[in-house]
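Comments concern the structure below.
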Amino acid sequence: MTTLKTFVLAAPLAFAALAPVTASAQEFSKDLIEKGRYLATASDCVACHTNHDGGKPMAGGLPMTSPVGIIMSTNITPSKEFGIGNYTEAQFADAVRKGVRGDGANLYPAMPYVSYSNMTDEDIHALYAYFMQGVAPVDEKAPETDLPFPMNIRASMMGWNMLFRPNETHKDDPSQSAEWNRGKYLAEGAAHCSTCHTPRGMLMQEQKDRDLTGAQIGPWFAPNITNDKLNGIGSWTQQDLVTYLKTGRLDHRAQAAGSMAEAISYSFQHLTDPDLNAIATYIRSVPTASASSTSGQSRFDQGQPGNALTGFRGKDYVQGIKGDHAGAALYTANCASCHGYDGQGTTDGYYPSLFHNAATAGDNANNVIAAILYGVDRHTEDGHVFMPPFGGQPNSVNPLTDVEVASLSNYLLKDYGNAKLTVTPADVQVIRNGGPGSRLVLFARIGMGVGAALAMVALGAAVWIVRRRRVQTQTAA
Ligand code: HEC
Ligand code: HEC
Ligand code: HEC
């Protein structure tokens, strides 16, 4: 009897000694791997962990420029030598939810573990199954991150993690429907809407009391998407929001460019209708905490077309071209061919109207400037939506100067959008340089220990920005 017991106890141990408990020791079911693949798509892992300039999926090596240096994404294929093939499920869970690498070192928050921290054990299990047996191993070393001192001290993240990293996985709120709970889980975790749409505090932490009230993320402004009718998207129906997340546009209201276009192209459009509806149900329940509308009017119903009776307004302006009217002349020369001389767009909506448009009637002018400088580039089942950039990229049709972009923006704002706003050439330069700099860059420059920790966090936000800009420039090129 004793012998048998000893054997029962010893056998698994002996087995473990022979074969370390890694993924390949286990066989995962096809269904589980498929579930993991879906979650990986919802979480957009491939966007960061692939070098889109010819690299293999999940093999890492995407350089992410940040205020303090370049961070490289890592190889997360199951390669045992160069990837995460030796990660146990517990190590994988810690990397994804806590930002702690297999060897115990802290990850930079360029890896969005703060959002992923809400993932349930069940979903981590499915993700693990997918990464171990659904992703092809790539036996290639991804280039390593090499930050200057003191940014290279990974331990400096520990303090911030203690303050701001959530340590709880999602728990259903029994007073809410199952659909709402599923939506909250996805919106706050995998799909991480708040990463971009929630303003950040002094330490770059998301300000939960101002959840989804709008934030600048690189050159683009991610608007208020709370359920407020004036400041947010409270005037949208459930189906409106689902349509926008699936296609990236809502006629006569909004189009997705920049990082939102990318999130839709890679991730949101691939979610099932029940999941998109769940996200919409949850988002539509989030109240606004701050009134931000500078015009006192919703950004979706401002402005009107040029006066159709006089017709061809652009041409009149061109004839009187001088001073104030330069914007109109630039419009006629560069934009009217697609958006129409009166900014009315085309009837099929492919080229949108520039009035009744969130980009020209927002609370700030950043998305007008960004649209002109970076254009629009989005891939969905509806096809490829493309507006060329005018910012001087290799494929710019006609590079415009800061003064020209300011003049053109002011023309659009005054005639079609939020007439209370004015753009200066200095504003344009800020957006051209990637968006308003974080005050944390200053801390980083001071180079103190605390500064380093803060800067790490700035990276998290900055990386999103720059990565997205890079990708956009690449696809456009
Ligand atoms: C916004 C970009 C981004 C997204 C999205 C992202 N990652 Fe990462 N991830 C990174 C970066 C950058 C690193 C390396 C950070 C560092 O070196 O400190 C990293 C590191 C990791 C590591 C540690 C690997 C190692 O040993 O170095 C794992 C595991 C990982 N990510 C898994 C995932 C999974 C799974 C997903 C999707 C659920 C995901 N990541 C989504 C940027 C991202
Ligand atoms: C990577 C950053 C990022 C993430 C993640 C993100 N958004 Fe956005 N979102 C933006 C930006 C930037 C815009 C502005 C796009 C434009 O006007 O071209 C935007 C626009 C929108 C709009 C249109 C609002 C308007 O006034 O035009 C809605 C609605 C929206 N996002 C919902 C969501 C939801 C819901 C999620 C999560 C499921 C989400 N977003 C995740 C960056 C992001
Ligand atoms: C070749 C056609 C074309 C030209 C030329 C063009 N656009 Fe666009 N524009 C588009 C398309 C396509 C979209 C995106 C439609 C969508 O997202 O569904 C767009 C979108 C926009 C938006 C909304 C962006 C957002 O983020 O919501 C603005 C603003 C805009 N264009 C302004 C301009 C201005 C100003 C010019 C001239 C400098 C211009 N466009 C030139 C095709 C064009």
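The values are calculated or read from the model by the stated rules, or taken from the named source; none is laboratory data. Bear in mind that the values here come from a model prediction, so they are computed numbers and not experimental data. In this analysis, Cβ positions are derived from the backbone assuming ideal geometry, glycine residues included, and neighbour counts consider all displayed protein chains. Just the protein is used for accessible areas: all its heavy atoms, side chains included, with ligands, DNA and RNA removed. Shrake-Rupley method; radii C 1.70, N 1.55, O 1.52, S 1.80 Å.
With every protein chain in place, what's the accessible area of ARG210 (1.4 Å probe, Å², nearest 10)?
Surface open to solvent at ARG210 totals about 90 Å².
With Cβ to Cβ distances under 13 Å as the rule, what net charge do the other residues near TYR244 carry (K, R +1; D, E -1)?
On the way: positive: LYS246, ARG249, ARG253, ARG284, ARG378; negative: ASP240, ASP251, ASP382.
Charge balance near TYR244 sits at +2.
Each residue of segment 229-237 in order: what ³J(HN,Hα) in whole Hz does its phi give by Karplus 6.51 cos²θ - 1.76 cosθ + 1.60, θ = phi - 60°, with x for Gly and Pro?
Each residue's phi maps through the Karplus curve to give 5, 7, 8, x, 10, x, 7, 7, 7 Hz.
Please give the solvent-accessible surface of GLU122 in Å², to the nearest 10, using a probe radius of 1.4 Å with every protein chain present.
Result for GLU122: roughly 130 Å² accessible.
Determine the order of VAL405, VAL397, VAL100 by accessible area, beginning with the largest, at a probe radius of 1.4 Å.
So, going from the largest accessible area down, we get VAL397, VAL100, VAL405.
Report, by chain and number, residues whose modeled amide H sits under 5 Å from the one on MET58, excluding near sequence neighbours (fewer than 5 apart, same chain).
HN-HN under 5 Å from MET58: THR50.
Along Cα→Cβ, 7 Å out, is where each label goes; now give me the distance between the ones at ASP273 and THR401 in nm to one decimal.
Placing both labels 7 Å along Cα→Cβ, they lie 5.3 nm apart.
Using θ = phi - 60° and the Karplus curve 6.51 cos²θ - 1.76 cosθ + 1.60, what whole-Hz ³J(HN,Hα) does each residue of segment 110-119 get, with Gly and Pro shown as x?
So the J values, rounded to whole Hz, are 4, 8, x, 5, 4, 5, 5, 4, 7, 5.
Calculate the FRET efficiency for HIS384 and LEU230 from the Cβ-Cβ distance with a Förster distance of 35 Å, rounded to the nearest 0.05.
0.55
If I take R0 = 22 Å and measure r between the Cβ atoms of GLU122 and ASP172 in this structure, what FRET efficiency does the formula 1/(1 + (r/R0)^6) give, to the nearest 0.05? Don't skip to the answer; put the middle values down first.
On the way: r = 13 Å, r/R0 = 0.59.
For GLU122 and ASP172, the calculated efficiency is 0.95.
First check a/c for segment 28-170, with a ≥ b ≥ c the square roots of the eigenvalues of its C-alpha gyration tensor; if it is under 1.5, answer rounded, and if not, answer prolate when a/b is larger than b/c or oblate otherwise.
Oblate shape, in that a/c is at least 1.5 and b/c is the bigger or equal ratio.
Would you kindly state how much longer the chain becomes between SER285 and GLN238 on full extension, computed as 0.36 nm times their sequence separation minus their alpha carbon distance, in nm to one decimal?
Extra length from SER285 to GLN238 when fully extended: 15.8 nm.
Counting only heavy atoms of protein chains, what accessible area per residue, in Å², does segment 28-170 have with a probe of 1.4 Å?
I get 45 Å² per residue for segment 28-170.
Just add up the charged neighbours of ASP139: K/R +1, D/E -1, any other residue whose Cβ is under 14 Å from the Cβ of ASP139.
+1
To the nearest 10 Å², what's CYS45's accessible area with a 1.4 Å probe?
20
In sequence order, what are the phi-derived ³J(HN,Hα) couplings for segment 332-337 according to the Karplus relation 6.51 cos²θ - 1.76 cosθ + 1.60 with θ = phi - 60°, rounded to whole Hz, with x for glycine and proline?
4, 6, 10, 10, 4, 4
Dipole magnitude of segment 28-170 about its Cα centre, charges +1 at Lys/Arg Cβ and -1 at Asp/Glu Cβ only, in debye to the nearest 20?
140
Give me the extension gain from ALA426 to VAL46: residue separation times 0.36 nm, minus the current Cα-Cα distance, reported in nm with one decimal.
Between ALA426 and VAL46, full extension yields 133.2 nm more.
When ligands, DNA and RNA are left out and all protein chains stay put, how many square angstrom of accessible area per residue does segment 319-421 have with a 1.4 Å probe?
41
Would you rank ARG37, ARG154 by solvent-accessible area, highest first, keeping every protein chain in place and using a 1.4 Å probe?
Descending accessible area places them as ARG37, ARG154.
Could you order ASP348, ASP228, ASP251 so the one with the most accessible surface comes first? Probe is 1.4 Å.
Largest accessible area first, the list is ASP348, ASP251, ASP228.
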